[in-house]
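Structure first, then comments.
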Amino acid sequence: MSEDVGVNPGNVDLVDGGSVALAKAGPSRSGAGRLRGDGALAQFTRFVLVGGSSNVAYAALFLLLRGCGSLVANIAGVAVSTVLANELHRRLTFHAAERVNWMQAQWEAGGLALVGLVLSSVMLALSDLWFPSAPGGAQAVLVIGVSALVGVFRFLMLRGWVFSVAR
């Protein structure tokens with residue numbers, strides 16, 4: 001019996017013992033098919049989409065709880081959106097649900113998120129110290145820049161350590 005490439009044309013999910021594998025039929029792949037793969041670009045794209053989604057969840061929760069005070073709203077928003085993002089990264093971004101359990105993902109990925117929060121807070125405090133008369137827009141650009149660098153670092157650490165295939 002010969003293998004026929006035409007049996008599974010395009011990008012079709014094949015279920016094999018509970019895991020999902022992407023069938024590749026030649027070089028022509030749809031945009032959705034490219035997002036399903038486990039290459040760095042597909043994972044980074046999903047990482048950005050999950051990050052954006054968790055930021056929307058943060059903003060919604062912050063606005064919902066701001067009557068309790070901005071500190072409470074911020075802590076609740078950060079906690080919920082971080083847990084949500086970690087779980088989405090575990091299941092969707094890095095396809096690691098079978099390799100990494102929920103608690104391990106929350107502990108390790110949450111620790112990385114905490115490092116990012118500390119770094120951006122330190123940079124903001126230093127900018128206040130070094131440039132006390134800097135306009136708010138300049139501080140926002142600094143925080144966004146630091147957050148982008150932290151995001152790339154976080155992606156690399158999540159991909160290479162927390163949700164690594166080598167586990």
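Measuring from label point to label point, each 7 Å out along Cα→Cβ, what is the residue 143 to residue 84 span in nm?
Taking the simple label geometry, residue 143 and residue 84 are separated by 1.9 nm.
Separation of segment 38-78 and segment 137-167 by C-alpha centroid, Å?
14
Under a crude label model (7 Å from the Cα following the beta-carbon direction), how far is residue 102 from residue 71 in nanometres?
Each label point lies 7 Å from its Cα, and together they span 3.1 nm.
Note the direction-averaged projected area, equal to a quarter of the hull surface, for the Cα convex hull of segment 38-162, in nm². Spell out each step's value before the answer.
Details: hull surface 33.0 nm².
That works out to 8.2 nm².
To the nearest 0.05, how large is the calculated FRET efficiency for residue 55 and residue 133 if R₀ is 41 Å and r is the Cβ-Cβ distance?
0.90
Show me the ranking of peptides 87-93, 61-67 by mean Cβ neighbours inside 10 Å, starting with the highest.
87-93, 61-67
Beta carbons within 10 angstrom, averaged per residue: use that to sort the peptides 154-162, 129-137, 98-106, highest first. Write down the numbers at each step before the final one.
Details: 154-162: 18.0, 129-137: 8.7, 98-106: 15.0.
In decreasing order of mean packing, 154-162, 129-137, 98-106 become 154-162, 98-106, 129-137.
Rule-based calculations on the coordinates, nothing more; no lab input. None of the values given here were measured: they were computed from a predicted structure. Positions of Cβ are backbone-derived with ideal geometry, glycine not excepted, and every protein chain shown enters the neighbour counts.
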